[in-house]
Amino acid sequence: MAERKVRVRFAPSPTGALHIGGVRTALYNYLFARQHGGDLIFRIEDTDSNRFVPGAEEYILDSFKWLGIHFDEGVTFGGNHGPYRQSERRDIYKKYVNQLLENGKAYIAFDTPEELEAKRAEIANFQYDASVRMSMRNSLSLSKEEVDALIADGKQYVVRIKIEPNEDVVVNDLIRGEVIINSSILDDKVLYKSADELPTYHLANIVDDHLMEVSHVIRGEEWLPSAPLHVLLYRAFGWEDTMPAFAHLPLLLKPEGNGKLSKRDGDRLGFPVFPLQWKDPKTGEVSSGYREAGYLPEAVLNFLALLGWNPGNDQEVMSLSEMTQLFNLSRCSKSGAKFDYKKGIWFNHTYIQQKPNEEVAELFMPILKEHGIEPAFEKVAIVVGMMKDRVSFIRELWDACSFFFVAPTTYDEKTAKKRWKEDSARCMTELADVLASIEDFSVENQEKVVMAWIADKGYHTGNIMNAFRLALVGEGKGPHMFDISWILGKEETVARINRAVEVLK
Ligand code: GLU
């Protein structure tokens with residue numbers, strides 16, 4: 001068979017916020033498409049009107065915009081396989097439902113919910129399949145006249161696939177290998193409902209993958225149970241030759257590894273499971289997002305990429321384009337991936353370190369503004385360059401380095417007790433004079449002059465430096481002392497020392 005053009009799709013249902021597992025699915029599709037010079041399609045699967053949530057589609061699109069995942073085709077992206085919203089494709093599905101009815105691969109069923117309920121009560125493990133379908137009310141058990149009369153009467157019905165029992169259905173999965181399932185365990189799934197004139201997920205999904213010329217279906221493990229039915233549907237339509245290859249991605253597990261990751265795990269341990277903050281339009285409940293929690297999008301993508309895949313060596317930090325080169329479905333694992341959110345924090349830390357100081361400063365400026373200060377950008381960039389290796393989130397920069405921008409008004413009591421000695425006030429007054437007299441206030445020159453003064457006076461270097469730090473910072477933390485005084489400048493440094501002397505005596 002000729003090589004097909006790689007065409008993959010991310011096909012969320014707009015039922016709420018996009019789960020972080022969905023983001024990983026989209027990312028793997030993205031990497032696969034880019035790697036093969038293929039197309040990535042964004043399709044909205046909104047045929048289940050009961051589960052439709054307003055705002056969910058925009059939310060999903062905003063999430064990918066933030067993450068920097070671009071689609072080639074689909075809702076809001078255009079393309080010539082549209083429309084890409086399933087609710088806008090009713091007529092298309094109708095045609096294909098009729099095709100299955102005409103060639104006997106599907107049938108019409110009139111059983112009401114009450115009748116189905118009664119059957120379930122009557123038969124243990126009831127399943128609508130070959131063993132019971134002749135005892136139900138459908139176009140196989142009723143005469144053509146009866147069926148026509150019921151439809152003419154306006155009775156609601158569904159269309160079910162007619163699954164032949166006792167046949168081994170093979171799903172070739174690029175990650176899991178051959179998955180074989182006996183058709184007898186499958187039920188005659190509903191493909192279409194007359195009530196809303198809409199297909200179910202299964203039919204719409206297969207018809208669209210076919211019409212949109214999808215070559216590979218890369219999706220979460222939760223869809224693996226549907227795969228045999230999907231294979232049978234391709235066959236029922238006579239589309240075996242262009243059936244996409246399947247790849248079912250491993251589950252994301254709780255950080256402890258016991259069971260599927262849920263929003264509750266995030267609430268319990270304090271990490272988001274959604275890319276952006278989400279407000280449930282019904283309950284008003286607000287769930288946190290990676291963006292609002294202060295994660296960099298590139299760190300989130302790198303973190304997610306390694307949940308279920310590895311490049312075959314121990315390289316962890318990878319840009320999107322590096323991942324694109326290295327990605328390989330055959331290196332995806334079958335077993336679930338523990339959601340090690342602390343690793344996510346480590347990635348954020350690492351990406352902040354790698355980011356140019358100017359870019360980190362750009363992100364820090366709004367936080368400074370929130371605190372009521374607007375320092376010169378150049379100063380912020382220098383400070384950030386000195387301090388960024390100490391934080392995992394941009395907002396932590398405030399605690400780490402606010403003293404560069406605001407003079408201490410109080411002095412940490414414990415530190416003061418330990419580090420402000422009998423003679424500190426006198427020594428600091430001298431130091432202020434020494435510093436005030438320095439022409440060249442560079443780090444090196446300050447250090448040279450101050451050290452010479454200490455040696456000349458026979459002072460204890462540690463004591464001087466400790467008191468000096470307390471005076472400038474207000475506590476015992478911070479980088480190299482002369483870096484601090486250099487950034488503060490001579491005037492501010494001297495003023496802070498004098499103020500400390502006054503307050504601490
Ligand atoms: N609409 C399904 C979902 O919400 C798509 C499953 C698939 O990719 O086939 O995930």
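Just so it is clear, none of the values below were taken in a lab; they were calculated from the coordinates. All of these numbers come straight from a predicted model, not from anything done at the bench. Note: ideal-geometry Cβ built from the backbone for every residue, glycine included; neighbour counts use all protein chains shown.
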Where does each of 316-328, 298-310 land if you order them by average Cβ count within 10 Å, highest first? 298-310, 316-328
For segment 193-325, what proportion of DSSP beta bridges, expressed in % and rounded to the nearest 5, is antiparallel? 40 percent
Whose amide H sits under 5 Å from the amide H of L191, counting only residues 5 or more places off or on another chain, with H placed in the peptide plane? V159, R160, I161
Taking the alpha-carbon centroid of each part, what is the distance from segment 132-161 to segment 395-430 in angstrom? 84 Å
Can you tell me what share of the DSSP beta bridges in the chain is antiparallel? A percent to the nearest 5 is fine. 55 percent
Fewest-first sequence of S183, S143, S333 by Cβ atoms within 10 Å of each Cβ: S143, S333, S183
For L249, enumerate residues with amide H under 5 Å from its amide H, sequence gap 5+ or separate chain, H modeled in the peptide plane. R219, G220, E221
Let me have the 222 nm mean residue ellipticity of the chain computed from DSSP H runs of 4+ only, each contributing -39500 (n - 2.57), with the sum over all residues rounded to the nearest 500. -13500 deg cm²/dmol
Ranking of F237, F364 by count of other Cβ atoms within 10 Å, fewest first: F237, F364
Which entries of K65/K94; K155/K189; K457/K477; K193/K282; K414/K457 have Cα-Cα distances beyond 31 Å here? K65/K94
Holding the Cα-Cα limit at 22 Å, pick out from K254/K334; K343/K369; K342/K379 the pairs that are longer than that. K343/K369; K342/K379
Would you list, by chain and number, the lysines whose Cα falls below 16 Å from the Cα of K421, excluding same-chain residues fewer than 8 positions away? K505
Sorted by average packing, counted as other Cβ atoms within 10 angstrom per residue and highest first, what order do 23-31, 445-453 take? 23-31, 445-453
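How do R219, R51, R469 line up, fewest other C-beta atoms within 10 Å first?
Neighbour counts put them in this order, fewest first: R51, R469, R219.
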When only C-alpha pairs under 8 Å and at least 6 residues apart count, what is the relative contact order of the chain, in percent? 12 percent
